[in-house]
Amino acid sequence: MAGRRGRYYPAITPDVLLRAYSIGLFPMAESADDPEIFWVEPEVRGILPLDAFHVSRSLTKAMKRQPFDIRVNTRFEAVMSGCAEEAPDRPSTWINDTIRQLYTELHRMGHAHSVEAFEDDELVGGLYGVSLGAAFFGESMFSRRTNASKICLVHLVERLRARGFRLLDTQFTTEHLKTFGAIDVPKLDYLMMLKAATEAPHLPFP
């Protein structure tokens, strides 16, 4: 994980967390059982350019079958729980109780949102993140069915485009996100994008 990080011992508030996002920081925990968090400031930041978002042919074909009922902000805490579950490619989680509490409060304040995939009224995938100004900071996603989280990501991008968002931050890039067009940008370039997006009027997400 490239970037600077430091322990943060005092309790933080949702407002402090939003301020941290506005200057390029985000929190993580060593594990779900660790009550402490630390700030992360990557030297290279992952973003998903909204004007260069790519959807594969196979995913486009799958979406035409409408396999899931996609909803927004109906099961935010359940989505966080899904993202914290162990998975074959994720044996541990950085989502601890402190992070759960902070983001749940941000959700109540209208700054944290979830996109959810349902199958027969069962939550089978989703993602969540933070909105500030014209920026959206993707935090995590999970999937219990093939393509569930991918389809949620497509719906997220469509929503951000429709509402005029300028920045979709992915924190880091992964091979999975690169298939959608995610790229790495140097920290200074990212901070300029971030400043322009977060100083814009706060855009509605729901």
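The table that follows gives values for the structure above.
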read-out	value
Residues Asp121 and Ile23, FRET efficiency given R0 of 41 Å [Cβ-Cβ distance, rounded to 0.05]	0.50
C-alpha center-to-center spacing [segment 69-88, segment 128-143] in angstrom	13 Å
Trypsin sites (Lys or Arg not before Pro) within segment 22-87: DSSP coil, no more than 14 neighbouring Cβ in 10 Å	Arg65
Inter-label distance for Ala196 and Asp34, nm, one decimal - labels placed 7 Å from Cα along Cα-to-Cβ	3.5 nm
Expected 222 nm ellipticity per residue - DSSP helices of 4 or more, -39500 (n - 2.57), all of the chain, to 500	-10000 deg cm²/dmol
Sequence of His113, His107, His202 when ordered by accessible area, the most exposed leading, probe 1.4 angstrom	His202, His107, His113
Residue-normalised accessible area of the chain, given per residue in Å² at a 1.4 Å probe	50 Å²
Fluctuation leader among Pro49, Pro14, Pro186 - the chain, Gaussian network, Cα springs under 10 angstrom	Pro186
Lysine pair number, Cα distance threshold 21 Å (strictly under), the chain, separation 8 or more or different chains	6
Two-site label geometry, Leu188 and Ala162: point separation in nm, points 7 Å out along Cα→Cβ	3.9 nm
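The values are calculated or read from the model by the stated rules, or taken from the named source; none is laboratory data. Quick caveat: nothing in here was measured; it's all calculated off a predicted structure. Counting neighbours? That spans all protein chains shown, and the Cβs are built from the backbone with ideal geometry, glycine included. Side chains included, ligands, DNA and RNA excluded: accessible areas come from the protein's heavy atoms. Shrake-Rupley method; radii C 1.70, N 1.55, O 1.52, S 1.80 Å.
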